[in-house]
């Protein structure tokens, strides 16, 4: 932060993005990338570009409609790019943009931690559920 | 992978956690940590333990009911610990467990990237919306 920037008349807090603020673009984007299906689509695309049908098989349980909505929302944020190769039969690929790849790599880190913690997760759930009567 | 591991009679894939598999504990945990409110609660707790009321103010827009549900689901996975100090008036804190802190730090990285990309996000959305007629 230079002296010039501090002297600017506009209050600097106007320029600060905050994921906790409902009105901030970053909050809306955070809700997109943590979406139930969009988050798994990002993880799948870390492994490389996929066609629609490939994504449907990769992300277990996603419906055609939900996958389509997830891809549209990720495209809208500029995190996934759709490429129509203009061939017959049609070939359309979905791939991460550079920003999408940065986000997806970090989400993949979250998934890796959870995959490595399955015994701990299972133990914690069993303990919590056995103590269920305590709280209510 | 050692020769011994390859020779083991149990198929190794039985032991591999996979966030894409509906039946895997890691998938359920991934859905919890990417939940609409749970994800923001994790981000808030990166900054330190919070009381319930503090979390409600920190995470703009969360209702009492949604915050309570998010905290219960995070406790159940062993990612957040609830401490009742047993005092009068009651004081109850919520804090990240070590695994919760690892997860939350990575999610904070996602949020930081998005906060830094607000101009790009806004530009991408405007372009996407202006091309809306193209697709439908």
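Coordinate-derived values only; no laboratory data. In this text, all values refer to a predicted model and were calculated from it rather than measured experimentally. Backbone-built Cβ (ideal geometry, glycine too); neighbour counts: all protein chains shown.
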Checklist entry - Shortest first and in nm to one decimal, what separations exist between residue A:49 and its copies in the other chains, measuring from label points 7 Å along the Cα-to-beta-carbon line? => result 5.2
Next on the checklist: Between region A:108-123 and region B:49-121, what is the separation of their alpha carbon centroids in Å?
Outcome noted: 19
Checklist entry - What are the distances, in nm and sorted shortest first, from the label point of residue B:86 to the label points of the same position in each other copy, with each label point placed 7 Å from Cα along the Cα-to-Cβ direction? => result 7.4
Next on the checklist: For peptide B:27-39, what's the mean number of Cβ atoms from other chains within 10 Å of each residue's Cβ?
Outcome noted: 6
Checklist entry - Build a GNM of chain A with springs between Cα atoms under 10 Å: which of A:114, A:71, A:79 gets the top mean-square fluctuation? => result A:114
Checklist outcome for this item: Over its alpha-carbon atoms, the protein assembly as shown yields an Rg and a Dmax in Å of 21.1, 73
Checklist outcome for this item: Here FRET efficiency (C-beta to C-beta, residue A:21 to residue B:85, R₀ 35 Å, nearest 0.05) is 0.70
Checklist entry - Hey, what did region B:66-136 get for relative contact order, percent, Cα under 8 Å, at least 6 apart? => result 19
Next on the checklist: On the rotation axis linking copies B and A, which residue of B comes nearest by its Cβ, and by how many whole Å?
Outcome noted: B:34, 2
Checklist entry - Label-to-label distances across copies for residue A:64, with labels 7 Å out along Cα→Cβ, in nm, shortest first? => result 4.6
Item to check | Averaged over A:101-107, number of beta-carbon atoms from partner chains that fall within 10 Å | outcome: 5
Checklist outcome for this item: Expressed as a whole number, the average count of other chain Cβ atoms within 10 Å around the Cβ atoms of B:61-68 is 1
Next on the checklist: Pairs of alpha-carbon atoms within less than 8 angstrom and 6+ residues apart define the contacts here; what relative contact order does chain B have, in percent?
Outcome noted: 20
